[in-house]
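Peer 1: I have a structure I would like to understand better, so I am pasting it below and will then ask my questions one at a time.
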Amino acid sequence: MKNTVIALLLMPASFCMAQNKFTINGNLSSIKDPAKAYLVTIQNGAWKETDSVDIKDGKFEFKGSVQEPQQVMIAVKRNNSKSENDRQGFFLENSKISISGTDSIQNAIVSGSTSENENHEREVMISRVTAKIIKLQKDYGKKDANGVYIKSAEDRKMAGDSIQKLVAMNKAINVKFAEDHLNSFAGLYAYNMYVLDNKFEASQVEPLFHKFSTSLKSSPLGLKTIEKIEIGKRRQAGSKATDFTQTDLEGKPFTLSSLRGKYVLVDFWASWCAPCRAENPNVVKAYTALKDKNFEIVSVSLDYPGMKAAWLNAIKTDGMPWIHVSDLKGWKNEVAQLYGINSVPQNILIDPKGMIVAKNLRGENLLDQLKAFVK
């Protein structure tokens, strides 16, 4: 043991530095024509080519370093073709990674990335359940030539209930995977992406985060995860509603706290969102019944720049005579980002004291759900 320690101390600095770098060695043995390999990474939320090398005798190499494992793609283009159909994605980390194949990188074998191997293990478990979800959606979502569902409403409801159970099963798989990988990037990635899903309850999932290793919690992904949890707390029942100001239909600033003293349903939607438009009749029915009982609705639209006409037309078409606001920034809507909204429809119910008392009240019984609070 003593000799081993001495040997480690005497290792050249270049060896230690090598552990903080990656090398990607590719070998696509059947590619003889002029071709290039491109390293594609996510920059500011979009895929971007960040490096490229010539493929010679089927071989190519990339070198560099990453602060933490990250998703990348290697794309291969032949004869200056702009097509990127031949590509493969994986988790890049500071290690020696090999890509071995014949004439297509899409079908090549990637090895050498622990994060990729562990994430693939999770994806295999998830794919079995996801396949069942897709089959149910396909079988029970079929329509005839006139656009009428082939399956009865009762059958579709039963299928929907089964799908919800399968979705919950996938969630449980991701939770278990995170619990079993508290010292690996893949575990934290699964937690961030799939345990902290579109409608997570911060109070329920935060304890698991604190079980991850100190180094993971302080990593870039760990810090993003902490921020995601804190934002999630803003929309959970029992939290004080975070105030906001946004432009209304007349171009004037509207502030949420101006409705203090009333029950307020803050409804996130968009004119382009089919499920939102399908839900609107339920919201209209509830508003009509409760508008004279200390109740108001504020709809926050996630419509995009240049879509004001579509937004206004949807409001008129769906008959929504309440307060509407938007900054027309799509998913970058400042109120949506404030509350961590990344799927619609969603809503939160605020009581007269400005406290969130419920969220995601939906469906044909929306009125009854609201009546439990609004007397």
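The values are calculated or read from the model by the stated rules, or taken from the named source; none is laboratory data. Keep in mind that what you see is a predicted model, and the values were worked out from it rather than measured. Heads up, the Cβs are rebuilt from the backbone with ideal geometry, glycines too, and the neighbour counts pull from every protein chain shown. The protein model used for the area step is the full one, side chains on, heavy atoms only, and it has no ligands, DNA or RNA in it. Shrake-Rupley method; radii C 1.70, N 1.55, O 1.52, S 1.80 Å.
Peer 1: Could you tell me, in Å, what Rg and Dmax come out for the Cα atoms of the range 239-372?
Peer 2: 13.5, 39
Peer 1: Let me ask something else. Which loop chymotrypsin sites (Phe, Trp or Tyr not before Pro) in the range 107-205, with loop taken from DSSP, have no more than 12 other Cβ atoms within 10 angstrom of their Cβ? Spell out each step's value before the answer.
Peer 2: Details: sites: Tyr140, Tyr149, Phe177, Phe185, Tyr189, Tyr191, Tyr194, Phe200; in loops: Phe200.
Loop-located and lightly packed - none at all.
Peer 1: Please tell me which of these pairs span more than 26 angstrom C-alpha to C-alpha: Lys138/Lys171; Lys21/Lys48; Lys138/Lys165; Lys228/Lys291; Lys132/Lys171?
Peer 2: Values: Lys138/Lys171 21 Å; Lys21/Lys48 21 Å; Lys138/Lys165 17 Å; Lys228/Lys291 34 Å; Lys132/Lys171 15 Å.
Over 26 Å apart, Cα to Cα: Lys228/Lys291.
Peer 1: From the C-alpha coordinates alone, can you work out the Kirkwood hydrodynamic radius of the chain, in Å?
Peer 2: One decimal place: 24.5 Å for the Kirkwood radius.
Peer 1: In nm, what is the difference between 0.36 nm times the number of residues separating Thr23 and Ser213 and their Cα-Cα distance?
Peer 2: That pair, Thr23 and Ser213, stretches by 65.7 nm at full extension.
Peer 1: So for the range 22-112, Kirkwood radius off the Cα pairs, Stokes-Einstein at 25 °C and 0.890 mPa s: how many µm² s⁻¹?
Peer 2: 188 µm²/s
Peer 1: May I ask you to compute the full-extension gain from Ile150 to Ala46, defined as 0.36 nm times their residue separation minus their alpha-carbon distance, rounded to one decimal in nm?
Peer 2: 33.5 nm
Peer 1: How much mean residue ellipticity at 222 nm does the chain get from its helices, if each DSSP H run of length 4 or more adds -39500 (n - 2.57) and you divide by all residues, to the nearest 500 deg cm²/dmol?
Peer 2: Taken over the chain, the calculation gives -11500 deg cm²/dmol.
Peer 1: Moving to a separate point now. Across every pair of different alpha-carbon atoms, what Kirkwood hydrodynamic radius in Å does the range 116-235 reach?
Peer 2: With all distinct Cα pairs of the range 116-235 included, I get 16.1 Å.
Peer 1: Turning to a different aspect of this structure: Hey, any idea what % of the range 116-235's accessible area is carbon plus sulfur with a 1.4 Å probe?
Peer 2: For the range 116-235, the apolar C and S fraction of the accessible surface comes to 55 percent.
Peer 1: Counting pairs of alpha carbon atoms under 8 Å apart in space and at least six apart in sequence, what relative contact order in percent does the range 116-235 give?
Peer 2: Relative contact order, the range 116-235: 20 percent.
Peer 1: Another question, then. Taking the chain as a Gaussian network, Cα atoms linked when under 10 Å apart, which of Pro69, Pro352, Pro305 shows the biggest mean-square fluctuation?
Peer 2: Residue with maximal mean-square fluctuation among Pro69, Pro352, Pro305: Pro305.
Peer 1: Contour minus end-to-end for Ala172 and Ala131, with contour as 0.36 nm per residue of separation and end-to-end as the Cα-Cα distance?
Peer 2: Using 0.36 nm per residue and subtracting the Cα-Cα distance, I get 13.1 nm.
Peer 1: Would you mind working out the accessible area per residue for the range 22-112, using a 1.4 Å probe, and quoting it in Å²?
Peer 2: Value returned for the range 22-112: 56 Å² of accessible area per residue.
Peer 1: In nanometres, what is the gap between the two model label sites at Ala372 and Glu230, each 7 Å from Cα along Cα-to-Cβ?
Peer 2: 3.2 nm
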